[in-house]
1. Kindly provide the set of residues from segment 37-52 that are loosely packed, with under 11 Cβ neighbours inside 10 Å and under 14 Å from residue 63 (Cα atoms), ordered by number.
2. Just to be sure before I move on: is residue 34 within 15 Å of the chain's Cα centre (by Cα), surrounded by 15 or more Cβ atoms within 10 Å (Cβ to Cβ), free of Cβ contacts under 8 Å to residues at least 60 places away in the same chain and within 19 Å of residue 69 (Cα to Cα) in the structure I sent?
3. Could you tell me which numbered condition residue 54 fails, if it satisfies all but one of (1) closer than 15 Å to residue 70 by Cα; (2) away from ligand 1 (no atom under 13 Å from the Cβ)?
4. Taking only pairs six or more apart or across chains, which ones have beta-carbon atoms under 8 Å, a first residue in segment 50-72 that is under 20 Å from residue 17 (Cβ atoms) and of a type in the set (Lys, Arg), and a second residue that is in a loop (DSSP other than H, G, I, E, B) and within 14 Å of ligand 3 (Cβ to nearest atom)?
5. Does segment 79-88 contain any residue that is surrounded by 15 or more Cβ atoms within 10 Å (Cβ to Cβ) and either of a type outside the set (A, V, I, L, M) or at pLDDT 95 or above (or both)?
6. If the requirement is being part of a loop (DSSP other than H, G, I, E, B) and either among the β-branched types (Val, Ile, Thr) or in contact with a Lys or Arg (Cβ under 7 Å, 6 or more places away or on another chain) (or both), which of these qualifies: 38, 27?
Amino acid sequence: MSAICKACLQEMGPGKGCTVNEIIFPDRTILKAIPHVDEEKCHDCNVHKGQFHHPGCDMERCPLCGGQLISCGCLSAPVPTDVVTQVTSRF
Ligand SMILES: [Zn+2]
Ligand SMILES: [Zn+2]
Ligand SMILES: [Zn+2]
């Protein structure tokens, strides 16, 4: 079973780094992605050292905060203010 990357449309096979290496944040900040740094290939998306992870890889680092990109929250759009008002007004 092999997966196709939605960003670069390549199969995520060993040694195939993502060709999409810029990350666009919700506030339109565009930062260069951080390549894989380990000698071992990435256990999640199979890229080798120096290559870029495919989006959604759980090893990818966030160039904004240095955390884990899929969980740091930088990529999720800020909560719209009307939702916040709704939640607080329930009180
Ligand atoms: Zn890719
Ligand atoms: Zn990876
Ligand atoms: Zn982040």
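The values are calculated or read from the model by the stated rules, or taken from the named source; none is laboratory data. Remember, predicted model here, so these are calculated numbers, not experimental data. All Cβ positions, even for glycine, are placed from backbone atoms using ideal geometry, and neighbour counts span all protein chains on display.
1. So the first thing to find is which residues in segment 37-52 are loosely packed, with under 11 Cβ neighbours inside 10 Å, and the list is 37, 39-40, 43, 50.
Of everything in segment 37-52, just one residue is loosely packed, with under 11 Cβ neighbours inside 10 Å and under 14 Å from residue 63 (Cα atoms), namely 37.
2. Numbers: within 15 Å of the chain's Cα centre (by Cα): yes; surrounded by 15 or more Cβ atoms within 10 Å (Cβ to Cβ): yes; free of Cβ contacts under 8 Å to residues at least 60 places away in the same chain: yes; within 19 Å of residue 69 (Cα to Cα): yes.
Yes; evaluated as a whole, the condition is true for this residue.
3. So residue 54 meets the others, but not (2).
4. Between residues of segment 50-72 that are under 20 Å from residue 17 (Cβ atoms) and of a type in the set (Lys, Arg) and residues that are in a loop (DSSP other than H, G, I, E, B) and within 14 Å of ligand 3 (Cβ to nearest atom), the close pairs are 61/34; 61/67; 61/69.
5. Let us first name the residues in segment 79-88 that are surrounded by 15 or more Cβ atoms within 10 Å (Cβ to Cβ), namely none.
Within segment 79-88, none of the residues are surrounded by 15 or more Cβ atoms within 10 Å (Cβ to Cβ) and either of a type outside the set (A, V, I, L, M) or at pLDDT 95 or above (or both).
6. Values: 27 fails: either among the β-branched types (Val, Ile, Thr) or in contact with a Lys or Arg (Cβ under 7 Å, 6 or more places away or on another chain) (or both).
Just a single option satisfies the conditions, and that option is 38.
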